[in-house]
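A short worksheet on the structure shown next.
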Amino acid sequence: MNLNSRVCNFYPVRRFPVKNHEVSWSEPFPEYEPPNYSAPHLKNASSADPDIFKAKFKWNEVDHGINRRSYDQGKIIKYDVVNGFPLNPKGRTGLTGRGLLDRWGPNHAVDAIVTRSTMMETSVKQVSVKSGDPILQCVLTLRHDCTRWAFPLGFVNQKETCSSAVLRILSEEAINIENQCEEVQKTLKDFFKCKKQVYKGYVDDKRNTDNAWIETTAINFHDENGLYTENIELEPSDNSFDVQWIDMEYSCIFYIPHYEIIRDVLKLHNLNF
């Protein structure tokens with residue numbers, strides 16, 4: 001319902017108030033006059049889209065190596081384009097323009113989810129005293145922008161696949177493969193061959209606008225017995241205060257857009273949140 005996009009006063013302009021029943025584009029809202037904001041630096045950023053009036057974008061397609069398609073639960077959906085502007089498929093956000101996002105329309109990101117079962121010395125999985133379920137640990141970064149724990153994440157570059165992007169971002173944000181010892185490097189190469197897509201679709205992010213929004217592909221690398229990951233060294237990036245193995249429990253303060261994905265990860269491993 002685009003709640004996070006509507007209520008966060010993140011930009012220097014104030015979003016136009018949008019009530020729950022006014023979010024859908026199919027709902028008449030003649031009073032709707034949202035402000036427009038696109039960060040000034042986007043005009044000269046090499047990674048950003050050009051002026052929307054000076055370029056011929058291929059909406060809902062792969063456009064010169066940029067994926068402008070939109071996804072919902074892993075399936076391709078089509079968003080509307082009105083007066084040359086793509087419309088957020090989840091509805092009104094109270095703000096038009098690009099905000100801080102490089103792309104008009106969908107801005108594709110990836111979340112790198114590295115998990116492992118915590119093991120006791122007897123090679124038995126450690127369980128939670130509260131729930132009785134095995135404890136699942138995940139590599140999480142403590143973000144500068146919100147001081148919450150989040151998966152290593154980042155945007156997909158032009159002409160880059162999600163599979164290559166997730167390994168690049170994981171190396172940049174948490175596990176620098178080149179800085180591991182030779183033995184660990186070999187182990188990680190085998191480990192990263194086994195992955196599962198957990199989620200692919202819209203992210204209710206505070207940066208979203210009516211014309212630009214974030215979508216992510218969440219990919220899980222799971223170490224069932226803790227053998228692949230027991231000797232890796234974690235390194236935080238400039239974007240975070242810290243990076244650690246964290247127990248995936250409700251008491252942890254997670255990055256808000258990740259709660260839904262966390263539930264999907266735990267469900268994948270037959271665990272409860």
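The values are calculated or read from the model by the stated rules, or taken from the named source; none is laboratory data. The shown structure was predicted, so the numbers you read here are calculated from the model rather than taken from an experiment. Heads up, the Cβs are rebuilt from the backbone with ideal geometry, glycines too, and the neighbour counts pull from every protein chain shown. With ligands, DNA and RNA removed, areas are computed over all heavy atoms of the protein, side chains included. Shrake-Rupley method; radii C 1.70, N 1.55, O 1.52, S 1.80 Å.
Do the conditions hold for VAL243, that is, is it modelled with pLDDT of 90 or more, in contact with a Pro (Cβ under 6 Å, 6 or more places away or on another chain) and closer than 22 Å to GLU172 by Cβ? Taking the combined requirement at face value, the residue satisfies it. Among the residues of the stretch 66-75, those identified as touching a strand residue (DSSP E or B) at 6+ places or on another chain (Cβ under 7 Å) and open to solvent by 50 Å² or more (accessible area, probe 1.4 Å) are ARG69, ASP72, GLN73.
For every residue, the table says whether it meets (1) closer than 15 Å to ASN239 by Cα; (2) open to solvent by less than 20 Å² (accessible area, probe 1.4 Å); (3) among the hydrophobic types (A, V, I, L, M, F, W, C).
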site: ILE135; (1), (2), (3): no, no, yes
site: LEU142; (1), (2), (3): yes, no, yes
site: CYS146; (1), (2), (3): yes, no, yes
site: PHE155; (1), (2), (3): yes, no, yes
site: LYS159; (1), (2), (3): no, no, no
site: ASN176; (1), (2), (3): yes, no, no
site: GLN180; (1), (2), (3): no, yes, no
site: LYS189; (1), (2), (3): no, no, no
site: GLN197; (1), (2), (3): no, no, no
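Among the residues of the stretch 216-241, those identified as touching a strand residue (DSSP E or B) at 6+ places or on another chain (Cβ under 9 Å), open to solvent by 50 Å² or more (accessible area, probe 1.4 Å) and among the acidic types (Asp, Glu) are GLU224, GLU230, GLU235.
Among the residues making up the stretch 243-273, those that are open to solvent by less than 50 Å² (accessible area, probe 1.4 Å) and over 26 Å from MET1 (Cβ atoms) are VAL243, TRP245, ILE246, HIS269, LEU271. HIS21 passes every criterion in (1) farther than 20 Å from ASN107 by Cα; (2) in a loop (DSSP other than H, G, I, E, B) apart from (2). Looking only at the stretch 29-42, decide whether some residue is hydroxyl-bearing (Ser, Thr, Tyr) and free of Cβ contacts under 8 Å to residues at least 40 places away in the same chain. No. Scanning the stretch 87-133 for residues that are modelled with pLDDT under 85 and open to solvent by 50 Å² or more (accessible area, probe 1.4 Å) yields a total of 12.
Among the strands (runs of 3 or more DSSP E) confined wholly to the stretch 50-109, which include 3 or more residues that are within 16 Å of ASP204 (Cα to Cα)? Working first, answer last.
Numbers: elements: 70-72, 75-77, 96-99.
By residue number, 70-72, 96-99.
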